[in-house]
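Since the structure comes first, as structure tokens, the remarks are kept for the end.
Computed from the coordinates by the stated procedures, all read-outs in this text should not be read as laboratory data. As the structure is a computational prediction, the values presented were derived from the model and not from experiment. A quick note on method: Cβ atoms are made from the backbone with ideal geometry, for glycine too, and the neighbour counts reach across all protein chains shown.
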Amino acid sequence: MRVLVVEDEHKIANSIKKGLEQESYAVDAAYDGTDGFDLAAVEEYDCIILDLMLPGMDGVEVCKKLRQEEQIHTPILMLTAKGQLNDRVEGLNAGADDYLVKPFAFAELLARIKALTRRPKNGLGTTLTVGDLSLNTLNFEVKRSGKQIQLSKKEFSLLEYLLRNTGKIITKNQIINHVWDYDADVLPNTVEVYIGYLRDKIDKPFKEPSLIKTVRGFGYKIENKIPILRKLKIEDK
Ligand code: CA
């Protein structure tokens with residue numbers, strides 16, 4: 001999961017970035033509205049954390065422009081200062097999906113981000129499963145055939161991204177955009193290397209079928225033909 005943090009108070013921005021990185025998110029930070037807007041308009045994020053009071057363009061303006069001009073519908077969590085009720089209402093009207101009042105506990109921020117990125121259409125829950133493999137996004141537990149598997153943070157993010165897109169072909173560029181942050185120096189070859197690490201842990205030690213398929217010339221795919229056992233019931237429309 002890749003997150004953009006737009007916050008002019010460097011201390012807050014950097015502590016959010018650090019905290020989220022520990023939770024294995026890829027995080028980019030922008031310190032004013034204009035930079036934030038530019039990044040959000042060009043890069044692919046799974047969630048945007050947007051402060052309301054910003055130099056350049058304020059949060060409401062950034063939000064409106066992203067929604068109306070750029071047609072970007074990435075979930076936006078707006079940060080507001082205490083007591084600015086009108087600002088909150090304005091933020092939600094501008095197209096933000098949720099708001100959080102400063103100061104907040106990091107755990108609260110994390111819970112909101114998880115709620116916002118849990119999109120029912122992708123069949124998301126806290127446990128993602130395909131065949132006999134399961135990944136829990138809350139406690140980072142990965143299991144196959146009941147056996148616990150230890151993954152590094154990047155391997156976990158990569159597997160989570162593939163599982164969230166079960167049945168779809170995912171290109172190397174999409175993987176780079178969702179699993180690594182903007183500053184990371186990633187080559188398509190790096191993706192191959194990490195796919196290799198994942199296979200060594202989730203496929204090779206187990207009997208057939210192997211879960212990660214290579215689609216020559218396109219990218220990778222986790223098959224959904226394998227019986228899917230979802231722990232959470234998601235209502236699909
Ligand atoms: Ca601010």
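Quick notes on this structure:
- Computed over the Cα atoms of the stretch 127-231, pair by distinct pair, the Kirkwood hydrodynamic radius stands at 13.9 angstrom.
- Protection proxy ranking, peptides 30-36, 136-142, 92-98, average beta carbon neighbours within 10 Å, highest first: 30-36, 92-98, 136-142
- Using the Cβ of residue 220 as centre and a radius below 11 Å, the other residues enclosed give a net charge of +4, where K and R count +1 and D and E count -1.
- Neighbours of residue 205 by Cβ distance under 13 Å: Lys/Arg scored +1, Asp/Glu scored -1, total +3.
- Positive-end ranking of 66, 113, 103 along the dipole of the chain, with charges on Cβ about the Cα centre, is headed by 113.
- Hydrodynamic radius by Kirkwood, which averages 1/r over all alpha carbon pairs of the chain, in angstrom: 18.7
- Only Lys, Arg (+1) and Asp, Glu (-1) charged, at Cβ; the chain dipole about Cα centre in debye: 1580
- Unit charges at the beta carbon, dipole of the chain: most positive-side option, 50, 149, 191: 149
- Euclidean distance of C-alpha centroids, the stretch 122-167 and the stretch 7-28, integer Å: 23
- Dipole check for the stretch 2-117: with +1 at the C-beta of Lys and Arg, -1 at the C-beta of Asp and Glu, and the Cα centre as origin, the magnitude is about 420 Debye.
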